Amino acid sequence: MEALVASAVGVMTAAGIFLILRRRTFPVILGLSLLTYAVNVFLFATGRLALDAPAVLNKYKEVPYTDPLPQALVLTAIVISFGMTAVIVMIALSAYLSSKDDHIDMNANDSVDAPGEDA
Amino acid sequence: MSLFLIAALPFLGAVFPALLIRAGRNAAASAAGLTTFLALMGLLIHIPSVMRGDVVTARFEWMPALGLNANFMLDGLGFLFALLILGIGLLIILYARFYLSREDPMGQFYTYLLLFQGAMVGIVLSDNILLLLIFWELTSLSSFLLIGYWKHLPEGRQGARMALAVTGSGGLAMIAGMLILGNIVGSYDLSVILQNKELIQASPYYLPALILILLGCFTKSAQFPFHFWLPHAMAAPTPVSAYLHSATMVKAGLFLMARMWPVLAGTDAWFYIVATTGLITMLMGAVIALFKDDLKALLAFSTVSHLGLVTMLLGFGTKIAAVAAIFHIINHATFKAALFMTAGIVDHETGTRDIKRLGGLRHLMPITFTIGTIAALSMAGIPPLNGFLSKEMMLEETVHTTWLHSHYLVPGLALLAALFSAAYSFRFVSHVFLGPERHDYPAHPHDPPVGLWLAPAFLVVLVVLIGLNSAAIVGPLVAVVSSAVIGGEKLPYYSLKLWHGFTPALYMSVVATLGGLFLLSLHRHEEKIWNALPRPEAKVIFDTVIGVLTRLSRLITDTLHNGVLSRYAVIMIGFTLALGYYAYTTGTIGPETREALPIQIIPLIGWICLVGATLAIMWFHRNRLLSLVLIGVVGLIVSMAFNYLSAPDLALTQISVEVVTMILLLLSLNFLPTDTPWDSSAARRWRDAAISVMAGIGSGALIYALLLRDFAFPTISEFHLANSYKGGGGTNVVNVILVDFRGFDTFGEIIVLGIAALIIFALTEAVLGTNVRSYLLNRKPHWPQSGDSHPLMMVVVTRMMMPIALMVGAYIFFRGHNQPGGGFIAGLVVAIAFLMQYMASGYTWAIERQRFYYHGSIGWGVLIAAATGLGAWFNDRPFLTSDFGYIHWPPLEEFEWATAILFDTGVFLAVLGAVMLALDSLSRFAWQPGMAQEFPMDINPLRDNPPQEEENMEQV
């Protein structure tokens, strides 16, 4: 089981990073989503894997429980990553609609900053 | 008066001039003056105890963990400087009231001045070197404001920048030096440090600490080679020059050297660095001053020279030299401030400061002439004025000093400096006041009103009195201050009197005075030679250095930060990989301690789907719709995996987020191109593939290693499991952690989520306000649209689903504390219930029936969560402490109430509002006229009878 989870994390990370290194907005967004899955599963797995041991207390008998803390952290991470995805989607969309260009890189002829004013 | 109050008064008072300037210039000046006067009185109250040699302290532990204590102490040295700062400050405030013209914003001036004053008082009263550093930086900043006070003058701005750059970088060096010093001693309290001379001087870090601290002192006190900023700072109004650059700020470096004298002085390193620097500065400043035509530049270089003199005396490291240094600090402050004010008066009344255009003013401005002449003669070292006394002591000390076995080098050079010093002082008198009266002054000169000459006159009276009877007037003060400087040890024998008999110093004084007169008589010829000599121009060098630094920084920034986002990503990932590789090659790993779980068939199938889908995304990512579908597959399997691996809450959250994310991405794909073109070279793709494969292997291997080992240390999860029910009243530990144990995190997270949604809304508003809107209104969709945009079946089913979905949401919400569920998930479920209506019946239909604003939902959510947290305060508990209990209403089963449910309500509302606001904003992009339909279940009329085309045909 551990090998499956670890290899899945590795494959999702690799695919996510590959897509993040593309030069158009949409693949980058997809890459970030994939990387989010990978990171969330990674964080979740730091609590170690356990089957049939949810962290819901059983009043009637002693049962094993999995580590609840990584789960709580990942739960908020999932929701926050939705918010962040929505923001970058909106930024990408606004940029594309305004310039009709969905490159993430600045053009070489765009100046990096305005020439400094000297007193 | 408490030392806290003395240090705080100028800062508190700084508010008033800025406010009271509306009531007039006198009100602003009086407020500043009154503040300073109060602080001065507060200081003078301590005279009896200071004169007894006691140290007044005021202590307050500010951040004890850092060693930063707001400790103040007042001993002789601090008292002298505080007296100079507040006393001369008071005179300057009076002088500036009459000096500044009607156009100058006077309220600002006094506010800056008081800020500066407070920072200076803070430096000299601090008993904690960290606190001292804070005030030190504050003086740099407030003097920047003061030097650049005339913002319209480029010289003012450049001078202010230069002063800030030089003193600020010196201050940075000093921070490092002080931290080293504090580390050696183990305390940042000055009174402790001053007790540890042997420890400090034996430490191998003594020399670095010394050099770094001296860098701070030398830059602040304008010592060679950092002297060049001081003349450029003269672009400031004259009151500023008189205050900062004669009496106070430039003496901060001297103060610190005197303060640290007991522990730093006495070594060879101290002698050769400090004394040599002082000697060079003294000589060089005196020579340059003789050839400056601008009155203030002359005074500036003479100040540099005198600062060098004091530095040299401190550098000698003998007790008697330290006494001389202290005495000269007092004398210099009196005559130099008076001279600056005189220069200001001349400038004010004649309209020029150029010595070449002045002369013969003695009859036109008799009062100014008298004041200026006495002060200048004191500077030249003419008896019976106070400058003579301390210069005599200085010359006496140089005679006893050997520099690298040479007995003549130090006294010879000091004599030369004294000679030039006499010459420029005489020049100040003769070329400005003596000589024939001229008729081409830019303005008609006459003596100023009393307000302008009162302050310098007072100082000149002091000059004369101290000279005539120094032992009675400043003798006790010098004794107390000197004993504070030399660390409370017994004072050496010295006498403050005019006549010491025929000593070498007397001969040197005579030579210096006569030589100065001789030098002045040949001034015209010397000037020709001086002007013909090649001289390094400090400003050019400074500008070149700054220019090179700027270009270098720009080069680095432009290379690393050139707007190519993928380059940033490569740099970041590459660096992370390198760190990981370093950790892998240098670290060790323990043995495997956990048994791997057996691989079952269903998870294996899931794994195949996930890896297959992921690889397919990489392969087919140019087809955006397809890759979106594949991402959905990955997300679903991840949620199933969560469920399988005992994380039901995560599974619920992931699957509902998945739905919302997919809808969001699909909506956005509506407007974006459908395909990604090929625009990276094959080499680049291989490079990226290599990087990503390495990163994948790294993260996979790391988590694999982690999964097969137990925790190295006990985790805090045990605490959560044990206390979830007892302390939080819930059996779903994950939910209890979210709303209780780590409620503050959750509170922050719903705020972040709300802000994200508001950003999206704001972006939408901004974009739709531009010409993008007209483009959107006329946009043709990528794909042919369905003729039946609101299918009857879907509309009916979603409306029936609505109450059921809401019910599910409520159920999930309420069971959350004890069973998988909670506010996050319920919010997502209810959001999906709404979104179904949007999808089935159309945006326009749904928006018309919307009863509340999503912004409000976010706001209420955060407010409710905050109010729940605040409620704990009323029961004397920390923020967000929850309470719970059980109620039993027959015949119902016992059920629980907990304040956490209120908090969870806040979470629910915020999540619901944020998700809806994000998607609602995106939907507004898609809105086009004619989409609104009377009947949401209707059938698109275009499909059955496309009548327009027929009508057109008929018309044709």
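Can you give the helix-only mean residue ellipticity at 222 nm for chain B, where every DSSP H stretch with n ≥ 4 adds -39500 (n - 2.57) and the sum goes over all residues, rounded to the nearest 500 deg cm²/dmol?
When only DSSP H runs of four or more count, the value is -23000 deg cm²/dmol.
Could you check the simple spin-label distance between B:F713 and B:R799, using points 7 Å along Cα→Cβ, in nm with one decimal?
6.0 nm
Hey, what do the phi angles of region B:407-422 turn into as Karplus ³J(HN,Hα) couplings, whole Hz, using 6.51/-1.76/1.60 and θ = phi - 60°, x for Gly and Pro?
With the stated coefficients, region B:407-422 comes to 7, 9, 4, 5, x, x, 5, 5, 4, 4, 4, 5, 5, 5, 4, 4 Hz.
Give the shape of region B:630-684 as rounded, prolate or oblate, defined through the alpha-carbon gyration tensor: a ≥ b ≥ c are the square roots of its eigenvalues, a/c under 1.5 means rounded, and otherwise the shape is prolate if a/b is larger than b/c and oblate if not.
Oblate, because a/c is 1.5 or more while a/b does not exceed b/c.
Just checking the output field for B:609-619: average partner chain Cβ neighbours within 10 Å of each residue's Cβ?
That average works out to 5.
Give me the lysines in straight-line cross-link reach of B:K726: C-alpha distance below 20 Å, same-chain residues under 8 apart excluded.
A:K59, A:K61
Hey, can you rank B:74-81, B:401-408 by average C-beta count inside 10 Å, highest first?
The packing order, highest mean first, is B:74-81, B:401-408.
Which loop trypsin sites (Lys or Arg not before Pro) in region B:795-869, with loop taken from DSSP, have no more than 15 other Cβ atoms within 10 angstrom of their Cβ?
Sites meeting the loop and neighbour criteria: B:R849, B:R851.
Highest first, please rank the peptides B:41-54, A:66-79 by the mean number of other Cβ atoms sitting within 10 Å of their residues.
Peptide ranking by packing, descending: A:66-79, B:41-54.
Taking only the alpha-carbon atoms of region B:621-769, what semi-axes of the equivalent ellipsoid follow from 5 times the gyration tensor eigenvalues under a square root, in whole Å, largest first?
36, 26, 15
If N is the number of residues in region B:463-550, what value comes out of its Cα radius of gyration divided by 2.2 N^0.38 Å?
1.85
Taking a virtual spin label 7 Å from the Cα of B:M63 along the C-beta vector, which residues in region B:119-134 bring their backbone nitrogen under 11 Å of it?
B:131
For region B:816-909, run through the chymotrypsin sites (Phe, Trp or Tyr not before Pro) and keep only the ones in DSSP coil with at most 12 other Cβ atoms within 10 Å of their Cβ.
Answer by residue number: B:F852.
Given the C-alpha atoms of region B:795-898, compute the convex hull and give its volume per residue in Å³.
Dividing the Cα hull volume of region B:795-898 by its residues yields 140 Å³.
Over chain B, what is the relative contact order in whole percent, taking alpha-carbon pairs under 8 Å and six or more residues apart?
Relative contact order of chain B: 8 percent.
What is the spin-label model distance, in nm, from B:T674 to B:L44 if the labels are put 7 Å beyond Cα along the C-beta direction?
In this crude label model, B:T674 to B:L44 measures out at 9.0 nm.
For region B:272-309 and region B:500-543, what is the separation of their Cα centres, given in Å?
Taking the Cα centre of each part, region B:272-309 and region B:500-543 sit 11 Å apart.
Given the C-alpha centroids of region B:394-438 and region B:682-726, what is the distance between them in whole angstrom?
Measuring centre to centre over Cα atoms gives 74 Å.
Taking only the C-alpha atoms, wrap a convex hull around region B:266-521 and report its volume per residue in Å³ as a whole number.
For region B:266-521, the hull spanned by Cα atoms encloses 113 Å³ per residue.
Based on alpha-carbon centroids, what's the gap between region B:629-671 and region B:45-81 in Å, whole number please?
64 Å
Could you give the Stokes-Einstein D for the protein assembly as shown in µm² per second, using the C-alpha Kirkwood radius, 25 °C, 0.890 mPa s?
Approximately 69 µm²/s, per Stokes-Einstein.
Averaged over A:49-61, how many beta carbons belonging to a partner chain fall within 10 Å of each residue's beta carbon?
6
Say R0 is 22 Å: what FRET efficiency, to the nearest 0.05, do B:V629 and B:V752 get from their beta-carbon distance?
Approximately 0.15, to the nearest 0.05.
What do you get for the angle between helix B:682-707 and the principal long axis of chain B? Use alpha-carbon atoms, 0 to 90 degrees, nearest ten.
Approximately 80 degrees, to the nearest 10.
What spacing in nm lies between the two simple spin-label points modelled at B:H439 and B:T593, each 7 Å away from Cα in the Cβ direction?
10.4 nm
Can you work out ³J(HN,Hα) from phi for every residue in region B:360-373, in order, using Karplus 6.51 cos²θ - 1.76 cosθ + 1.60 and θ = phi - 60°, giving whole Hz and x for Gly and Pro?
x, 8, 5, 7, 6, 10, x, 5, 4, 4, 4, 4, x, 5
Where in chain B lies the longest segment free of GluC sites (Glu not before Pro) that are both loop residues by DSSP (not H, G, I, E, B) and have at most 11 other Cβ atoms within 10 Å?
B:104-488
Using a Förster distance of 60 Å, how high is the FRET efficiency between B:L514 and B:F575, based on the Cβ-Cβ distance and rounded to 0.05?
So the FRET efficiency works out to roughly 0.30.
Would you kindly calculate the translational diffusion coefficient of chain B, applying Stokes-Einstein with the Kirkwood radius from alpha carbon pairs, for 10 °C and a viscosity of 1.306 mPa s, and quote it in µm² s⁻¹ without decimals?
Roughly 45 µm²/s, to the nearest whole number.
At 0.36 nm per residue, and after removing the present C-alpha to C-alpha distance, how many nm does the segment from B:A23 to B:T585 gain when stretched out fully?
My answer for the length gained is 195.1 nm.
For a quick protection proxy, order the peptides B:251-264, A:45-58 by their average other-Cβ count within 10 Å, most packed first.
B:251-264, A:45-58
Rounded to the nearest 20 Debye, what is the dipole magnitude of chain A about its Cα centre when Lys and Arg each give +1 and Asp and Glu each give -1 at the C-beta?
For chain A, the charge dipole is close to 620 debye.
Run through region B:137-209 and list the trypsin sites (Lys or Arg not before Pro) located in a DSSP loop whose Cβ has at most 15 other Cβ atoms within 10 Å.
B:K151
In whole Å and largest first, what semi-axes does the C-alpha gyration tensor of region B:50-106 yield when each eigenvalue is scaled by 5 and square-rooted?
They are 34, 19, 6 Å, listed from largest to smallest.
Structure shown: which of B:K220/B:K336; B:K251/B:K319; B:K292/B:K528; B:K151/B:K356; B:K251/B:K356; B:K296/B:K497 lie over 24 Å apart, alpha-carbon to alpha-carbon?
Where the Cα-Cα span goes over 24 Å, the pairs concerned are B:K151/B:K356; B:K251/B:K356; B:K296/B:K497.
Just so you know, all these numbers are worked out from the coordinates, no wet-lab data involved. From a predicted model like this one, the values you see are computed outputs, not experimental measurements. Ideal geometry is used to build each Cβ from the backbone, glycine not excepted, and the neighbour counts take in all protein chains shown.
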